[in-house]
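Here the structure is laid out as structure tokens; the discussion comes afterwards.
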Amino acid sequence: MRLYFNPRCSKSRAARDLLAGAGRDVEIVDYQRRPPDSATLAALVDALDASPASLVRVNDPAFDPDAAGPLDRRHVIELLAARPGLMQRPVLVTGDRAVIARPPERVFELIDPPTQDAPAHE
């Protein structure tokens, strides 16, 4: 299980905390310090439950729609390989499935939420 993460992003931190609260071991990947290569991005796009375009932060001031081209699979992979900071976050990957965890509770689409044991009454 891997979480693509930005430590400055409150949604990334919330997703990490939800995973920890569910007792899940997760590899945390700060994708700006350790950007995914094109092959990893291709696998990520293919695993998403949404269109490739959803992986791009189009509202980011650094996003230039004229330079980006159409946000199809190939262009998204090329764009994010060149500009990893434009990747939407957080993204949880488990096996061959991935979700953009916005809101962070979307992590529970790929894992079971923690169980809350009821206190025993005597």
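The values are calculated or read from the model by the stated rules, or taken from the named source; none is laboratory data. Every value quoted in this text rests on a predicted model; they were computed, and no experiment measured them. Because the Cβ atoms are built from the backbone with ideal geometry, glycine has one as well, and the counts that use them run over all protein chains shown. These area figures cover heavy atoms from the full protein model, side chains too; ligands, DNA and RNA do not enter into them. Shrake-Rupley method; radii C 1.70, N 1.55, O 1.52, S 1.80 Å.
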Keeping every protein chain present and rolling a 1.4 Å probe, give me the accessible area per residue for the chain in Å². 57
Do the sum for the chain: with -39,500 (n - 2.57) for every DSSP H run of n ≥ 4, divided by all residues, what is the mean residue ellipticity at 222 nm, to the nearest 500 deg cm²/dmol? -8500 deg cm²/dmol
Given the whole protein assembly as supplied and a 1.4 Å probe, what does the accessible area of Ile100 come to in Å², nearest 10? 20
What's the carbon and sulfur percent of the chain's accessible surface, probe 1.4 angstrom, rounded to a whole number? 48
Under the 7 Å Cα-to-Cβ spin-label approximation, Ala53 and Gln32 lie apart by a distance in nanometres of 2.6
I need the Kirkwood Rh of the range 4-65: take the reciprocal of the average 1/r across all distinct C-alpha pairs and report it in angstrom. 13.4
Could you work out how far helix 73-82 tilts from the main Cα principal axis of the chain, as a 0 to 90 degree angle to the nearest 10? 90
In the Gaussian network model of the chain, springs joining C-alpha atoms below 10 Å, which of Arg89, Arg106, Arg16 carries the largest mean-square fluctuation? Arg106
Which of [x] 1.05; [y] 0.94; [z] 0.98 gives Rg/Rh (Cα atoms, Kirkwood Rh) as computed here? It is [x]
Which residues in the range 20-37 place their backbone N less than 17 Å from a point set 7 Å from the Cα of Asp112 along the Cα-to-Cβ direction? 20-25
Expressed in square angstrom to the nearest 10, the accessible area of Tyr4 with a 1.4 Å probe stands at 10
